[in-house]
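Participant: Quick one: this structure, given as structure tokens, is what I'll be asking you about.
The values are calculated or read from the model by the stated rules, or taken from the named source; none is laboratory data. Keep in mind it's a predicted model, so treat the numbers as computed, not measured. Glycine gets a Cβ as well: all are built from the backbone with ideal geometry, and neighbour counts include every protein chain shown.
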Amino acid sequence: MRPSQLPLPLSPTPQLSRADLIVSPANAQAVAFIDSWPGWSVATAALYGPQGCGKTHLVTIWSRMSGATVVSVRGISENLPRGPLAIEDVDSAPVALARDSALFGALEAANSTQPLLLTGREPPASWAHELPDLASRFAALVSFPLREPGEDMLEALTHKLFADRQLSVPDAVITRMLHLLERSPGAIRDFVARADSAALAQSRPVNLSLLRDLIAEKEGQAE
């Protein structure tokens, strides 16, 4: 029987610098826009795409370049900070008049010295709202999609997620992972966390044997 140890409740620190960003056709337009700071031709813009596609990474890069304050839409109020501002996950919070009023105020206040960057899962024109004035504001946003990554990007992302946890994993294991898992950044992120926890608890390397055990465990839970 392999020795077991209690995993420490520590979360890896994601590496969110510009050098750590993986650029591919799935995110190239959004990356080019962020890289163009401070030469933006608009005061407000939006990034949109599925969970795990890299929106927060790009927001973090822009925040470091611009000094922007980053807030979640779930915590916003009409007393937003002055200066560059990013509001994340606009379409993930329940629609409410208070939320809409705060968003409208931020859009109204945006200018060349107080730019505003919004993020969401769906294109801004489809973001739900109660305040009628937001419909035209959302529809008029200059927006950049981040799409589901392709094979090369998923492989690079998986290597990065393991590297963030200071784990060196053979290419064969990563190739097999991508073959067996749902092909989305969120699913890969969750599985890497499980693999790290299991490897630590069981004093095992992240190899094909551990991968098979985790997949079997997952399939057993789904039955």
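Participant: Which residues, counting only those in the range 156-166, are in contact (Cβ under 8 Å) with a residue 24 or more places away in the chain, part of a helix (DSSP H, G or I) and either closer than 15 Å to residue 212 by Cβ or not acidic (Asp, Glu) (or both)?
Facilitator: Those that are in contact (Cβ under 8 Å) with a residue 24 or more places away in the chain, part of a helix (DSSP H, G or I) and either closer than 15 Å to residue 212 by Cβ or not acidic (Asp, Glu) (or both): 156, 157, 158, 160, 161, 162, 163.
Participant: Is it the case that the range 83-93 has a residue that's surrounded by 16 or more Cβ atoms within 10 Å (Cβ to Cβ) and on the phi > 0 side of the Ramachandran plot?
Facilitator: yes
Participant: Quick one: would you say residue 136 is assigned to a helix (DSSP H, G or I), in the same structural domain as residue 75 (by TED's automatic domain parsing) and either of a type in the set (Lys, Arg) or exposed (fewer than 15 other Cβ atoms within 10 Å of the Cβ) (or both)?
Facilitator: Against the criterion (assigned to a helix (DSSP H, G or I), in the same structural domain as residue 75 (by TED's automatic domain parsing) and either of a type in the set (Lys, Arg) or exposed (fewer than 15 other Cβ atoms within 10 Å of the Cβ) (or both)), residue 136 qualifies.
Participant: Go through the range 184-204 and give me each residue that's surrounded by 14 or more Cβ atoms within 10 Å (Cβ to Cβ) and assigned to a loop (DSSP other than H, G, I, E, B).
Facilitator: Once the filter is applied, which keeps residues that are surrounded by 14 or more Cβ atoms within 10 Å (Cβ to Cβ) and assigned to a loop (DSSP other than H, G, I, E, B), the range 184-204 yields 184, 204.
Participant: Among 124, 149, which is at pLDDT 95 or above, closer than 27 Å to residue 65 by Cα, crowded, with 16+ Cβ neighbours inside 10 Å and not aliphatic (A, V, I, L, M)?
Facilitator: 124
Participant: How about the range 167-177: which of its residues are touching a residue at least 12 places away in the same chain (Cβ under 8 Å) and either over 20 Å from residue 21 (Cα atoms) or outside any helix (DSSP H, G or I) (or both)?
Facilitator: 167, 169, 170, 172, 173, 175, 176, 177
Participant: Moving on. Quick check on my filter: what residues within the range 32-48 are more than 18 Å from residue 84 (Cβ to Cβ), touching a Leu at 6+ places or on another chain (Cβ under 8 Å) and either surrounded by fewer than 23 Cβ atoms within 10 Å (Cβ to Cβ) or polar (S, T, N, Q) (or both)?
Facilitator: None - no residue of the range 32-48 is more than 18 Å from residue 84 (Cβ to Cβ), touching a Leu at 6+ places or on another chain (Cβ under 8 Å) and either surrounded by fewer than 23 Cβ atoms within 10 Å (Cβ to Cβ) or polar (S, T, N, Q) (or both), so the list stays empty.
Participant: Within the range 107-119, is even one residue under 25 Å from the mean Cα position of the chain (by Cα), farther than 22 Å from residue 62 by Cα and surrounded by 13 or more Cβ atoms within 10 Å (Cβ to Cβ)?
Facilitator: Of the range 107-119, the ones under 25 Å from the mean Cα position of the chain (by Cα) are 107, 110, 114-119.
Then drop every residue that is not farther than 22 Å from residue 62 by Cα, which leaves none.
No, because not a single residue in the range 107-119 is under 25 Å from the mean Cα position of the chain (by Cα), farther than 22 Å from residue 62 by Cα and surrounded by 13 or more Cβ atoms within 10 Å (Cβ to Cβ).
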